[in-house]
Structure formats: structure tokens, C-alpha cells
1. With respect to residue 305, is the statement that it is in contact with a strand residue (DSSP E or B) (Cβ under 9 Å, 6 or more places away or on another chain), modelled with pLDDT under 90 and not β-branched (Val, Ile, Thr) true?
2. Do we find that residue 286 is open to solvent by 30 Å² or more (accessible area, probe 1.4 Å) and at pLDDT below 85 in this structure?
3. With the requirement that a residue be of a type in the set (S, T, N, Q), closer than 22 Å to residue 141 by Cα and at pLDDT 80 or above, what does the stretch 200-256 give you?
4. Every residue in the stretch 327-342 that is surrounded by 21 or more Cβ atoms within 10 Å (Cβ to Cβ), in contact with a Ser or Thr (Cβ under 7 Å, 6 or more places away or on another chain) and at pLDDT 90 or above, please.
5. Tell me yes or no: at least one residue of the stretch 315-326 is more than 22 Å from residue 262 (Cα to Cα) and at pLDDT below 90.
6. Can you find even one residue in the stretch 65-75 that is outside any strand (DSSP E or B), modelled with pLDDT of 70 or more and either open to solvent by 50 Å² or more (accessible area, probe 1.4 Å) or closer than 25 Å to residue 136 by Cβ (or both)?
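The values are calculated or read from the model by the stated rules, or taken from the named source; none is laboratory data. All of these numbers come straight from a predicted model, not from anything done at the bench. Ideal geometry is used to build each Cβ from the backbone, glycine not excepted, and the neighbour counts take in all protein chains shown. Accessible surface is based on the protein model in full, side chains and every heavy atom, while ligands, DNA and RNA are left aside. Shrake-Rupley method; radii C 1.70, N 1.55, O 1.52, S 1.80 Å.
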Amino acid sequence: MNYRVPQPSRCYIRNLPMEILSEIFMLAVHGTPRKSLRSVMMMPHAFASVNLHWRKVALCNHSLWSSLIIDLQKVIRNQTGGGLTLLTTMITRSGRSSVDIIIRAAQGRMSGTEEIIALQILNERRTEGSSALRLESIKLVRTNDYLSRFWLFCPRMMKMVEGSMFAALIGPTSQDALAQSPPLPKLRDITLYGVHLDWTNFLHYTLGATPNQSRTVSHSIQSLELSHHSGEVRPTSDEFTGILEACPRLRNLVLRKSGPLAGLSRQVSLPLLEKLYYGYSCVGDDVELFSGLHAPNLIKLTLNSESPNLSSITYSPTQDDGEDDKADSILKYCATHLLFPRLQELSCYHINAPVNTFALFMNAIPTLLHLSLCGTPNAIPALLPVQNPLAGIALRVPCPALESIYMSSNSHKDSLIITLKERSKGSSRFAEWQYEEMWGGDITVFFG
């Protein structure tokens, strides 16, 4: 009897449709947020080297090559010759897809020339014209944000910023063309985390605001973040006011230990602003900043006392400012001037203001739906019902539209329970609530 020996079947992965295999590649390269930078850049090349089928799939997926890591030291060493094959290959294969650009630089004296060279490489290697014209997001991050706690910028050799790296993205531009439209027409999001710029050049080359001429606005900027800037390298009042004026369509603004020290130099209207994150320290005139900002459609406000214990290491002209006084002043001003009539979400982190101040503020935001608290115990009793002098014995409940309360610690659980019970007496809407206490001690309360 003859037996037929079964032949080994072909590898099933060879039969996968190109779309599925391409998605597997994408998940392997971009699906893990904590993957090292080198592996993100090298993995697409590894996939393309397995066989012809995998190479075809990898090359057809331009997004696979969209993480570009530019090492400035290698750029400087090889700017007159080869040696940048890997980077230029990635840029070419990324095609017209959106790209994430990471520029790595060692700490030391930087004149701005190195960044310009790196960005020019990107601009020259991308196909079909200037890639800068399609740039949608810029994020510059300084990894050592501890140094931003000092008033004086450190290291001193890096304080002065020469040139403008953003100007290199578009090359020479005539003043007439600049006055007609911003240099980066599709730029939507700008994040400067610990990285300071020549703010005048930032206005000129990035936002298109022409000096000494009628101001040109950028109708594309929707999100702006300035975070962790030492006091002496922050934008001035005029510079920051000009930045906001150049972004009338701004929807999200983040100021975290940054921004002008003396507030805004004139009133700025941001009718589309929906989210404002303000992290303050012991320096700066916060009331002047809020008094100059007109944002009637703000939906979400976050207040954060960023540096409660930095007086021993921070030197500034206003070192004696008390953070309790700053929180008190900010909340009182926002309440008495009804700055945010449509506010729906409020988050407070370590805001140490009196209960009476919180009560005044809560009564000024009747549209509030969601309240999130971390290290802010005095905000809880501010929600207690108060006697309504115009209605006899009737009680008036602050924030009558409130739908949820989140508290990051159960250390003030008793105060919260008392407040919930009293609110249930003041309004039938709060008679029932759902109370959830997480394993880590976080508490969430839902009404209705």
C-alpha cells in the first residue's frame, strides 16, 4: 500500500490581503505609544527587507514611514555629504502623508542654524513642492522641565535664540506675499513646551503678522500651548497680545507657567475659544491676563496651581506673591465680571481659595455640568444650598445644572456626603445620585 506523504502547507501570512498586512505593519510601528524612537524608525525598513511581497506592502503605505527622527549632530556632521540616507529615505517614502517630526539635539550652545538645516532637509526631500505648506502641527519639547522653575533661564548659553527655524520651512518669501497670507497656511496646532523662541519672529514667520503694517491674521491656528518657560524668556505683554490677535479662530489655549508676566496690553476677543487651561505660579499678574481676554463661548476651564512649594528655589521680582491670594483674585474677578457665561466643565487642581470665594464663583456659573477637583477641598462646601432672600424660606442651589462631580481623593468624603444630602433638600433634581468610589480612592458622583 502506498501512502502519500502530506506536503507542508504554505505559510498563511502569504495569503493575507495587502490591506490586513498593511494594518498589521501600522500597529507594530505606531500602535505602542512607549516604543523607542529608534525602533519606530527602523521597523519599517525591517518589514520592507523580508521579501518582495512585504516590501511592496510597506512601500505602498506612506503612513508607515511618517515618524521622522532628525538627529542634529548627524545632520551637522553630514550636511556636506552623505550619511543621511536613512532619514532621506523615510522622507521620500512618506509621500504626502502627515508626518511626525522629532528633532533630537544635545544640550549645548544652539544658534538656530542646526534646526534650520534639519527642517530644510525635510522641505527639500519631500516630493511635489514644499511640505511646509501642508504642515498642520508643530510641537517643540524641552525634556528637562525642572529648569523652567527658575526665574533665570538655565543654561545661560542657550538663552539667546538667533534666527528663526520656522522661516527655513518656506524659504525666502517676499513681503507682499507674506502680507497676503501666513507662511504656514495649514498649521493648526502649536505646542512650545519649555522651548522659547524669538517671539517677534514667531509672529512674523509662523503666524504671518507683519511688523509695522496692518496686522495679518492666521485663520488656521486652532490650538496653542505655551508651557514651562522661565520668567525671563516669556513673551512680553505686547508680544503675547499680538500672538492671540493673530489667532482669531483659536479653540484651545494652554498656558502652563508661561505667558506674559504683566497680562495683556489690550483687549483680545477670541469668540471661538472653547477650552482654556491656566497653570499659574507665584509670578505674573493673572487678573490682568483674564481682564484682557474676551472668551464668551468658553466651555471648559482648567485652573492649576502649578508650583506650591517653589519659593525656596524661585527668584523673581514678585517672589512674595502668595498663591492663596492669586487663586482668590482670579476666582473673584471671573465671578464678578461674568467672564464665562456658557461654562460647562470646570477642573481645579490644588486651588487653595476660601469657601466664600468658591461660593461666589459657583453662583456665577449656572450652566456648569461637570466639576472635577484635585486637592481643592474648599470647593465642595461652596456647593451647599444658600438661603434665597427673594423667596422667603426657599433654598438656592449653586450650579443647578450640575450632572457630575469627580474628586481625586476620598480624604474629604464626609464633606462631600454632607453637601450631597443638603443639595437633595434644596432641589428635587438632586434627590437621587449615583456614588462610585474607585480602588485608588477617587470618587465620582452622577446626578439624575
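1. Numbers: in contact with a strand residue (DSSP E or B) (Cβ under 9 Å, 6 or more places away or on another chain): yes; modelled with pLDDT under 90: yes; not β-branched (Val, Ile, Thr): yes.
When the stated conditions are applied, residue 305 passes them.
2. Numbers: open to solvent by 30 Å² or more (accessible area, probe 1.4 Å): no; at pLDDT below 85: yes.
So residue 286 fails the test.
3. 200, 222, 223, 227, 230, 236, 252
4. Within the stretch 327-342, just 331 meets the criteria.
5. Initial filter on the stretch 315-326 (more than 22 Å from residue 262 (Cα to Cα)): none.
Among the residues of the stretch 315-326, not one is more than 22 Å from residue 262 (Cα to Cα) and at pLDDT below 90, which makes the answer no.
6. Let us first name the residues in the stretch 65-75 that are outside any strand (DSSP E or B), namely 65-66, 72-75.
In the following step, the residues that additionally are modelled with pLDDT of 70 or more were identified as 65-66.
Filter once more, keeping what is either open to solvent by 50 Å² or more (accessible area, probe 1.4 Å) or closer than 25 Å to residue 136 by Cβ (or both): 65-66.
Yes, some residue in the stretch 65-75 is outside any strand (DSSP E or B), modelled with pLDDT of 70 or more and either open to solvent by 50 Å² or more (accessible area, probe 1.4 Å) or closer than 25 Å to residue 136 by Cβ (or both).
For (1) touching a residue at least 40 places away in the same chain (Cβ under 8 Å); (2) assigned to a loop (DSSP other than H, G, I, E, B); (3) open to solvent by 30 Å² or more (accessible area, probe 1.4 Å), each residue gets a yes or a no:
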| residue | (1), (2), (3) |
| --- | --- |
| 402 | yes, yes, no |
| 406 | no, no, yes |
| 411 | no, no, yes |
| 414 | no, no, yes |
| 418 | no, no, yes |
| 422 | no, no, yes |
| 425 | yes, no, yes |
| 434 | no, no, yes |
| 440 | no, yes, yes |
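Yes or no, residue by residue, for (1) of a type outside the set (Asp, Glu); (2) in a loop (DSSP other than H, G, I, E, B); (3) modelled with pLDDT under 80; (4) surrounded by 15 or more Cβ atoms within 10 Å (Cβ to Cβ):
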| position | (1), (2), (3), (4) |
| --- | --- |
| 9 | yes, yes, yes, no |
| 14 | yes, no, yes, no |
| 43 | yes, no, no, yes |
| 55 | yes, no, no, no |
